[in-house]
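Only one structure is covered here, and it is reproduced in the block below.
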Amino acid sequence: MIQILYLSSAAHPMSTEELLAILRQSLTNNAANGVTGMLLYGNETFLQALEGEEQVVDNLYEKIRKDVRHANIRFLHRRTIGRRQYSDWSMGFKRVSDTELKNIKGLRDFSEKDFNSEYLAQNEAVVETLMDHYRTPYWDLLVRDLDEKDQIIRDLKKTIAHTKGCAEVAILVLESVAGAGITGGLSAGHVHLCELALDTLRQI
């Protein structure tokens, strides 16, 4: 099993609908292929970790390299892993913002403008801090002193991670619908997005 970590620049600022499309594709394909990972997006920059069987992850990375939504791809690492670091996430997702970043311990002077390929490629410790922060369920402090082998605790952590992922999808959908409502641009596509959000929330 391997883990790949890479950076890329968005070919253009990603709309809510485009981010949703990426998430839908990732969640469906990754679950089917046993891939887990985390995708962070902010300041027109992607930071993504992918892990799973070697051939599957290598093939997925090659597809991403050819994806026109990505530019200036920077390979950070490819390493063999004994166990998954993102086992709770078929594809965790978070939009990076100054509001979010100010709450990350150890990144006091780091802001959204620093979330770019040039800076992150030269600051491995910052990348590791970001990935560690968003990988860990927010409520993990409640269970960190308990036995990690306890099945109940593992199930609780997975549920927390899944709930966070569902909430991120729902937020994207609501922002899209609200924006379309203001401009008078509601369409059948937005109805479909609402149905997607409802299906996602019903999984919690």
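None of the figures in this text is laboratory data; all of them are computed from the coordinates on show. Just so we're clear, the structure is a prediction, and the values are computed from it rather than from any experiment. Glycine gets a Cβ as well: all are built from the backbone with ideal geometry, and neighbour counts include every protein chain shown.
Between amide H atoms placed 1.01 Å from N, distances below 5 Å from residue 76 occur with 5, 6, 7, all of them 5 or more places distant or on a separate chain. The HN-Hα couplings worked out from phi for region 85-92 by the Karplus form 6.51 cos²θ - 1.76 cosθ + 1.60 (θ = phi - 60°) are 8, 10, 4, 7, 10, 5, 6, x Hz, whole numbers, x standing for Gly and Pro.
Database remark: amide H of residue 11 closer than 5 angstrom to the amide H of 70, 71 (H placed geometrically; neighbours at sequence offset of 5 or more, or on other chains; Pro and chain starts carry no H).
In a fully extended conformation the segment linking residue 113 and residue 24 would gain 29.3 nm over its present Cα-Cα distance, using 0.36 nm per residue. Can you give me the distance in nm between label points at residue 74 and residue 54, each placed 7 Å from the Cα along the Cα-to-Cβ direction? The modelled label-to-label distance comes out at 2.8 nm. The trypsin sites (Lys or Arg not before Pro) found in region 97-139 that occupy coil by DSSP, while having at most 16 further C-beta atoms within 10 Å, are 102, 105, 108. Give the long-range amide H neighbours of residue 42: residues separated by 5 or more places, or on another chain, with amide H under 5 Å away, using H modelled in the peptide plane at 1.01 Å from N. So residue 42 has HN proximity to 96.
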